[in-house]
Every structure is written in structure tokens, then in C-alpha cells.
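Taking it in order: structure first as C-alpha cells, then the write-up.
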Amino acid sequence: MHALPNVEFEVGAESKLTSRSQTTIPTSVRKALKLKPGHDSIAYKILSSGDVLISRKNSEEEKDLVMESFLDFLAKDIRRHPGQVQQLDEQLINQAKSLIAGIDIDLSNPLSADDE
């Protein structure tokens, strides 16, 4: 790790990469950043020195504007045309199930070169 000028460290920690290039954020870091597992996000910034700055991502940054626009469109359309809302037809559900049948995902396997 490179020395960062004029920076005081409150918390230091290390973690190891798994074969899937994943890591666990150490408890001391999660507590310092007040991260809630399954809820909060983190942001990574790579400094010119090669060091990485990890910070808690603000909720405003977490917004997916495309998804938000789509959901707003759906909500408005449902309000304007409530009679058009229909349950998914069983044939469509069965077709979707057939498209994913036999696909197994093993999260403990390393990612392929194409997936990285």
C-alpha cells in the first residue's frame, strides 16, 4: 500500500479474494461505514497511486434512473387504465419456466473468462 499524504487512518483491515474474485468486507470496515448487509452499497475509486478508496454509496447515487423512469411509466399507466391490468397467463409462465429449465448455477464455481 502506498503512503497517502495527510491522511489519518481510523480503521485498517485486510481481506482475501475468493476464486470468484469476491471478498468479504471486514466487520470493522462495515461498522465504520455503517453498512447494512443486503441494503447498502459501496463505491470504489482507484487513485492514481494504485490505492483503492472504498466509501459508502449515498442513496441518491444508488438510483437507477432508467428503472425509475420505467416504474413511473408503469405506475401512471396502471392509474390511467386499471382495467388493463391482468394476471399473467399460465402459458406465458410455463414458457418462461421452459426457457430456464435445466440451468444450474453454482455460486462456488469460479467465473469463466467470458463472465469476468
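Just so you know, all these numbers are worked out from the coordinates, no wet-lab data involved. These numbers were taken from a predicted model, which means no experiment stands behind them.
Give me the number: length gained by fully extending K97 to D77, i.e. 0.36 nm times residue separation minus the C-alpha to C-alpha distance, one decimal in nm.
4.5 nm
In degrees from 0 to 90, rounded to the nearest 10, what is the angle of the helix 65-80 Cα long axis to the longest principal axis of the chain?
That works out to roughly 30 degrees.
Expressed as an acute angle from 0 to 90° and rounded to the nearest 10, what is the orientation of the C-alpha long axis of helix 90-100 relative to the principal long axis of the chain?
Tilt relative to the chain: about 40 degrees.
Give the lysines reachable from K31 as a straight Cα distance under 16 Å; neighbours fewer than 8 places away on the same chain don't count.
List returned: K57.
Hey, what did the chain get for relative contact order, percent, Cα under 8 Å, at least 6 apart?
20 percent
For a quick check: with amide H placed at 1.01 Å from N, whose amide H comes under 5 Å from I42's, ignoring anything fewer than 5 positions away on the same chain?
Residues meeting the amide H criterion: K57.
Ignoring solvent entirely, what values of log10 I(q)/I(0) come out of the Debye formula for the chain at 0.12, 0.18, 0.23, 0.24 Å⁻¹ when each Cα is a single scatterer?
Each listed q corresponds, in turn, to -0.82, -1.17, -1.33, -1.35.
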